[in-house]
Amino acid sequence: ANADYPAHWWQEVDRQTAPGWEVLPQDAKEGEVILSKRNELGILSNFAATDFVYKGTLYKSVEGFWQSLKYPESQDDMRATFEGIEWPYSRAEVELMTGFLAKKAGGYANANMREMGIDWVTFQGKKIKFWTVSKGVHYRLIKDALRTKAIQNPKVMEILLSTGDLKLLPDHIMGDAPPAWFYNKIWMELRKEFREQAQ
Ligand SMILES: Nc1nc(O)c(N)c(N[C@@H]2O[C@H](COP(=O)(O)O)[C@@H](O)[C@H]2O)n1
């Protein structure tokens, strides 16, 4: 029951003043909780400033990691040399971004990807299909970044495990997105994985 958890996780927020994209804490049903940026559960958002080192590179957030994959890796990268395409940031700059700034950098990259007609991103020189319904390479990469974030940030691990058996829900409207976008579902899988490892 929700009574076993901190009451402020369901704290009512004035809907009139909330941004249009937001799902509010009070929108959760019994046995559910919204991963709201308004309380400590927001640390589980991809946007949260939670440094982690993944395969030798420092990222300031999972969002920075996610959006950096869309940016050219080098000067020879076809995304860097594509005629008429300009990049507002370098990949290294995006790696160090958090929150809405990282998301915005990703928005510019989405427009460039559409313009170039490409449906892939890259990690360590390898092309990875983006926006796929299968739990393929991109999904596994994002899941591994979330796993690494929890392992390297004790507060993230503590908060994730403190959600017990609650169903985790995103704090923003998701629509019809592929599995990699559902960080709430990935966290529930990782929560199970971490609990099993601790036994
Ligand atoms: N509003 C909001 N809050 C969060 O906590 C989010 N994680 C997101 N969306 C994230 O945007 C990323 C995907 O962006 P693109 O579709 O590639 O432009 C991904 O991290 C989503 O979870 N939004």
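Just so it is clear, none of the values below were taken in a lab; they were calculated from the coordinates. All of these numbers come straight from a predicted model, not from anything done at the bench. We place every Cβ from the backbone using ideal geometry, glycine too, and count neighbours over all the protein chains shown.
Quick notes on this structure:
- Within the listed set GLU63, GLU115, GLU93, the residue fluctuating most in the Gaussian network model of the chain (springs between alpha-carbon atoms under 10 angstrom) is GLU115.
- Residue among ARG147, ARG114, ARG38 with the largest mean-square fluctuation in a Gaussian network model of the chain, springs linking Cα atoms under 10 Å: ARG114
- Within the chain, antiparallel bridges make up roughly 75 percent of the DSSP beta bridges whose residues both belong there.
- Inter-label distance, nm, simple model (7 Å from Cα along the C-beta direction), LYS192/ALA18: 2.8
- If only the Cβ of Lys and Arg carry +1 and only the Cβ of Asp and Glu carry -1, the dipole of region 1-136 around its Cα centre is close to 360 debye.
- Separation in nanometres of the label points that stand 7 Å from Cα toward Cβ, at LYS126 and ALA177: 2.4
- From the alpha carbon centroid of region 39-56 to that of region 61-105 is 18 Å.
- Note on LYS129: lysines with a C-alpha under 16 Å away, same-chain residues under 8 apart excluded, are LYS70, LYS143.
- For region 9-21, 3J(HN,Hα) per residue [Karplus equation, 6.51 cos²θ - 1.76 cosθ + 1.60, θ = phi - 60°, Hz, x = Gly/Pro]: 5, 10, 3, 5, 10, 5, 5, 4, 9, 7, x, x, 7
- The chain pair-distance distribution - Cα-Cα, 10 Å bins, rounded %: 8, 33, 35, 17, 5, 1
- A simple charge model with +1 on the Cβ of Lys and Arg, -1 on the Cβ of Asp and Glu and nothing else charged puts the dipole of region 138-199 at about 120 debye relative to its Cα centre.
- Cα-centred dipole magnitude for region 67-123, charges only on beta-carbon of K, R (+1) and D, E (-1), debye, nearest 20: 300
- Using C-alpha pairs under 8 Å with a sequence gap of at least 6, the mean separation divided by the residue count of the chain gives a relative contact order of 23 percent.
- For region 70-82, putting each phi into the Karplus relation 6.51 cos²θ - 1.76 cosθ + 1.60 with θ = phi - 60° gives couplings of 7, 8, x, 7, 8, 5, 8, 4, 4, 5, 7, 9, 4 Hz, in residue order, rounded to whole numbers and with x for Gly and Pro.
- Relative counts (whole %) of C-alpha pair distances in region 118-174, using bins that are 5 Å wide: 4, 15, 16, 20, 19, 14, 9, 3, 0
- Placing a label point 7 Å from the Cα of LEU161 along the Cα-to-Cβ direction, no residue of region 40-82 has a backbone N closer than 15 Å.
- By the Stokes-Einstein formula, at 1.002 mPa s and 20 °C, region 41-136 with its Kirkwood radius over alpha-carbon pairs has D equal to 156 µm²/s.
- Top positive-direction residue, dipole computed over the chain with Cβ charges, set GLN67, THR81, THR50: THR81
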